[in-house]
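Asker: My structure is below; once you've seen it, I'll send some questions.
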Amino acid sequence: EKFRDGLSKTRDSFVGAMNDLVKDYRKVDEEFFEELEEILISADVGVNTVMDLIDDLKDEARTRNISDAKEIQPVISEKLAELLQKTDEETKLNMQENELTVILFVGVNGVGKTTTIGKLAHKFKGEGKRVVMAAGDTFRAGAIEQLEVWGERVGVDVIKQQAGSDPAAVMYDAIRSAKSKKADVLLCDTAGRLQNKVNLMNELEKVKRVLTREVPDAPHEVLLVLDATTGQNAMSQAKTFGKSTDVSGIVLTKLDGTAKGGIVLAIRHELDIPVKLVGLGEGMDDLQEFEADQYVHGLFA
Ligand code: GDP
């Protein structure tokens, strides 16, 4: 249900355009594929992904002898699902059993990092886990307070220092505190200023080193948070962060606010980083684990 609701904008424009296409073109010909290409590109599926997909569909249409546009529609959803399904076993968060799991969140300001941390804290708490949050964005004015607001809202402790302090020192405090409280999960916020990329990436490296020193295989996840409404910008952020930090998964936020939900496919195909969580609204329950078949179902059903 959540997926269906959250993807309604994408579904309306995508499925609407697909239906028109099938109505206008009864025949599956070169022109049909050109129109389909445009629909997919305008849903932010990504040019390279679309090209591969169209090639696949043409092959499929040839081998299955499909010439009627109506018949190709299920093949399209089949192919979209296939493209995503590879991911399923990788999309689960890497949680440690009976030990502290440390999750580091990275991403530029405004993408929804703090909100995602708050939502995830709420989700884990609901599962009976002990959660600690670390206010590692000491740079942006208001970031610490914002995390504290979430802390109060969901009833989770926030470890913080003053604005402007060393984020690595905050992480040191936080992981020590999480260990002494025998917490199950530590969720770490980080800065997202991109004015000085090298500086930020060095800071993230330092933060990671502090965590690893305290818990040898921490962080267990480095989640890059991307705003689905920013399309190609999100893709280039993924490339920037992917190059310098070992991103283990993506959180795609604001899927509810865009008709361009096809970006999930582009991320998968062009970056090869699994989307693990999606944000489908601003409320604390509006975070879902990503599931390929639910996503494709949400697009078409
Ligand atoms: P940060 O700077 O990356 O920490 O971003 P914030 O967590 O402050 O989020 C920026 C804005 O995006 C806030 O107004 C959030 O309520 C909003 N937001 C975050 N996630 C979602 C989402 O999944 N859907 C919608 N509609 N809004 C979101």
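Asker: Looking at region 94-110, can you tell me whether even one residue there is under 21 Å from ALA259 (Cβ atoms) and within 16 Å of the ligand (Cβ to nearest atom)? Even if it seems obvious, please write down each step before you answer.
Answerer: We begin by selecting, within region 94-110, every residue under 21 Å from ALA259 (Cβ atoms); these are 110.
Still in the running and within 16 Å of the ligand (Cβ to nearest atom): 110.
Scanning region 94-110 turns up at least one residue that is under 21 Å from ALA259 (Cβ atoms) and within 16 Å of the ligand (Cβ to nearest atom).
Asker: Of all helices (runs of 4 or more DSSP H) completely enclosed by region 42-160, which ones contain at least 2 residues that are open to solvent by 60 Å² or more (accessible area, probe 1.4 Å) and free of Cβ contacts under 8 Å to residues at least 24 places away in the same chain?
Answerer: The qualifying helices (runs of 4 or more DSSP H) are 47-63, 69-85, 143-154.
Asker: Tell me, please, whether a residue that is under 21 Å from GLU270 (Cα atoms), away from the ligand (no atom under 12 Å from the Cβ) and in contact (Cβ under 8 Å) with a residue 60 or more places away in the chain can be found in region 199-214.
Answerer: no
Asker: Let me ask another. Being surrounded by fewer than 21 Cβ atoms within 10 Å (Cβ to Cβ), closer than 13 Å to LEU93 by Cα and of a type outside the set (Phe, Trp, Tyr) is the requirement here; does GLU282 meet it?
Answerer: No: the conditions fail for GLU282.
Asker: So for region 225-239 (the condition being open to solvent by 20 Å² or more (accessible area, probe 1.4 Å), more than 29 Å from ASP173 (Cβ to Cβ), away from the ligand (no atom under 16 Å from the Cβ) and among the charged types (D, E, K, R)), does at least one residue qualify?
Answerer: yes
Asker: Do we have any residue at all in region 174-182 that's in contact with a Gly (Cβ under 6 Å, 6 or more places away or on another chain), in a helix (DSSP H, G or I), in contact (Cβ under 8 Å) with a residue 24 or more places away in the chain and away from the ligand (no atom under 13 Å from the Cβ)?
Answerer: First, the residues of region 174-182 that are in contact with a Gly (Cβ under 6 Å, 6 or more places away or on another chain): none.
No, region 174-182 has no match at all.
Asker: Going by what's in this entry, would LYS254 be described as away from the ligand (no atom under 15 Å from the Cβ), touching a helix residue (DSSP H, G or I) at 6+ places or on another chain (Cβ under 7 Å) and among the basic types (Lys, Arg)?
Answerer: Here the answer is no, as LYS254 does not meet what is asked.
Asker: Any idea which of ALA169, ALA191 is at pLDDT below 95, hydrophobic (A, V, I, L, M, F, W, C) and either touching a Phe, Trp or Tyr at 6+ places or on another chain (Cβ under 7 Å) or surrounded by fewer than 17 Cβ atoms within 10 Å (Cβ to Cβ) (or both)?
Answerer: Within the list ALA169, ALA191, the selection yields ALA191.
Okay, residues lined up against (1) without any contact (Cβ under 8 Å) to a residue 60 or more places away in the chain; (2) within 16 Å of the ligand (Cβ to nearest atom); (3) in contact with a strand residue (DSSP E or B) (Cβ under 8 Å, 6 or more places away or on another chain):
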{"site": "GLY242", "(1), (2), (3)": "yes, no, yes"}
{"site": "LYS276", "(1), (2), (3)": "no, yes, yes"}
{"site": "LEU287", "(1), (2), (3)": "no, yes, yes"}
{"site": "PHE290", "(1), (2), (3)": "no, yes, yes"}
{"site": "GLY298", "(1), (2), (3)": "no, yes, no"}
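Asker: Test THR63 against the stated conditions and say whether it is hydroxyl-bearing (Ser, Thr, Tyr) and more than 23 Å from ASP29 (Cα to Cα).
Answerer: Answer is no for this residue.
Asker: Give me a count of the residues in region 194-220 that are charged (D, E, K, R) and either touching a His at 6+ places or on another chain (Cβ under 7 Å) or buried (at least 20 other Cβ atoms within 10 Å of the Cβ) (or both). I'd like the intermediate steps shown before the answer.
Answerer: If we filter region 194-220 for residues that are charged (D, E, K, R), which is where we start, we get 197, 203, 205-206, 208-209, 213-214, 217.
Pick out the ones that are also either touching a His at 6+ places or on another chain (Cβ under 7 Å) or buried (at least 20 other Cβ atoms within 10 Å of the Cβ) (or both) and you get 203, 208.
Of the residues in that region, 2 qualify.
The values are calculated or read from the model by the stated rules, or taken from the named source; none is laboratory data. Not measured: the values here are computed from a predicted model. Every residue, glycine among them, receives a Cβ derived from its backbone with ideal geometry; neighbour counts consider all protein chains shown. Please note that ligands, DNA and RNA were not included when accessible areas were found on the heavy atoms of the full protein model with its side chains. Shrake-Rupley method; radii C 1.70, N 1.55, O 1.52, S 1.80 Å.
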